[in-house]
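Colleague: Here you go, one structure.
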Amino acid sequence: MNSTYKQLATAEQVNNTISQIATKILKDFPSQTPLFVALLRGAAPFSSKLMTEIVRQSPDYHPELDNMMVSTYGDGQHAGEPHIVTDLAPTTLVTNRNIIIIDDVLDKGVTANFVMKHLINRGAKAVKLAVLCNKRTDREYDVTADYSGFEFDDNWLVGMGMDDASAANEGYRWLDEIWETTQL
């Protein structure tokens with residue numbers, strides 16, 4: 001990483017935080033497994049580690065994970081109107097189910113609000129939100145994370161699913177640490 005980035009969380013801190021989130025989810029859903037919905041591409045690293053940690057803590061727990069791809073940012077670093085690129089698999093049952101949306105970061109709440117409404121409209125019983133990072137920022141929507149790891153200032157973050165398109169296509173998304181840009 002060059003000097004335009006500052007480290008906020010090490011891989012060990014990320015793993016410990018994900019372990020704490022997994023513990024909270026298992027406490028809230030000890031026997032009835034919710035449907036987990038990861039928002040691609042950003043949630044891919046976090047959701048993978050979270051599912052692995054849930055099963056490590058409770059080997060007889062069988063999480064069901066599906067993915068949605070919702071585009072909000074496009075090629076830049078500014079949120080636009082969200083739209084569904086890829087919805088859940090046609091065989092995934094939503095009606096009358098508890099759902100936990102998994103995302104890398106909650107900032108303005110645009111994507112989370114959009115997906116929550118979409119899943120409720122499809123008949124979900126309840127929808128919760130799990131994010132690895134929660135930004136201290138003014139939200140455009142009244143959205144809060146039910147499960148949240150780190151809290152950071154409203155700067156552009158990279159690593160653990162968050163990318164910097166100005167560095168490269170998918171730039172720094174797969175780092176197992178979290179960094180912020182020091183200049184834009």
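Colleague: Which of the residues that make up segment 87-112 are open to solvent by less than 30 Å² (accessible area, probe 1.4 Å) and of a type in the set (Asp, Glu)?
Modeller: Matches in segment 87-112: Asp103, Asp104, Asp107.
Colleague: Now, a different point. I need a count of the residues in segment 26-56 that are in contact (Cβ under 8 Å) with a residue 60 or more places away in the chain and under 16 Å from Cys133 (Cα atoms).
Modeller: Number satisfying all stated conditions: 9.
Colleague: Scan segment 1-42 residue by residue and report those that are out of contact with any helix residue (DSSP H, G or I) (no Cβ under 6 Å at 6 or more places or on another chain) and among the hydroxyl-bearing types (Ser, Thr, Tyr).
Modeller: Selection gives Ser3, Thr4, Tyr5, Thr10, Thr17, Thr23, Ser31, Thr33.
Colleague: For segment 125-137, what are the residues that are surrounded by fewer than 23 Cβ atoms within 10 Å (Cβ to Cβ) and touching a residue at least 40 places away in the same chain (Cβ under 8 Å)?
Modeller: Correct list: Lys128 only.
Colleague: Go through segment 1-26 and count every residue that is assigned to a helix (DSSP H, G or I) and farther than 22 Å from Asn96 by Cβ.
Modeller: 14
Colleague: Does Leu65 count as within 29 Å of Ser19 (Cβ to Cβ), part of a strand (DSSP E or B) and open to solvent by 20 Å² or more (accessible area, probe 1.4 Å)?
Modeller: Taking the combined requirement at face value, the residue satisfies it.
Colleague: Answer with yes or no whether Leu39 is outside any strand (DSSP E or B), surrounded by 17 or more Cβ atoms within 10 Å (Cβ to Cβ) and at pLDDT 95 or above.
Modeller: Considered against the rule, which asks whether it is outside any strand (DSSP E or B), surrounded by 17 or more Cβ atoms within 10 Å (Cβ to Cβ) and at pLDDT 95 or above, Leu39 comes out as no.
Colleague: Next question. Can you tell which of Ser31, Ser47, Ser19, Ser58 is open to solvent by 50 Å² or more (accessible area, probe 1.4 Å), among the hydroxyl-bearing types (Ser, Thr, Tyr) and more than 19 Å from Asp164 (Cα to Cα)?
Modeller: Ser31
Colleague: Which pairs do you get when a residue that is under 22 Å from Phe29 (Cβ atoms), found in segment 146-161, comes within reach of a residue that is in a strand (DSSP E or B) and of a type in the set (Gly, Ala, Ser), reach meaning Cβ atoms under 6 angstrom, with the pair 6+ apart or on two chains?
Modeller: Sorted first by the residue in segment 146-161, then by its partner, the pairs are Tyr147/Ala130.
Colleague: Would you pick out the residues in segment 125-163 that are aliphatic (A, V, I, L, M), over 19 Å from Arg41 (Cα atoms) and part of a strand (DSSP E or B)?
Modeller: Matches in segment 125-163: Ala126, Val127.
Colleague: Does segment 73-89 include one or more residues that are under 22 Å from Ser31 (Cα atoms) and modelled with pLDDT of 95 or more?
Modeller: No, that holds for no residue.
Colleague: Checking the structure you have, find out if any residue of segment 138-149 is among the polar types (S, T, N, Q), modelled with pLDDT of 90 or more and buried (at least 23 other Cβ atoms within 10 Å of the Cβ).
Modeller: no
Colleague: Cβ-Cβ under 8 Å, sequence separation 6+ or interchain: first residue in segment 83-105 and free of Cβ contacts under 8 Å to residues at least 24 places away in the same chain, partner open to solvent by 40 Å² or more (accessible area, probe 1.4 Å). Which pairs?
Modeller: Partner pairs satisfying both residue conditions: Val85/Met69.
Colleague: For segment 128-184, which positions are hydroxyl-bearing (Ser, Thr, Tyr) and farther than 19 Å from Ile99 by Cβ?
Modeller: Across segment 128-184, the qualifying residues are Thr137, Ser166, Tyr172, Thr181, Thr182.
The values are calculated or read from the model by the stated rules, or taken from the named source; none is laboratory data. Quantities reported herein were computed from a predicted structural model and do not represent experimental measurements. Cβ coordinates were reconstructed from backbone atoms using ideal geometry, including for glycine residues, and neighbour counts include every protein chain displayed. These area figures cover heavy atoms from the full protein model, side chains too; ligands, DNA and RNA do not enter into them. Shrake-Rupley method; radii C 1.70, N 1.55, O 1.52, S 1.80 Å.
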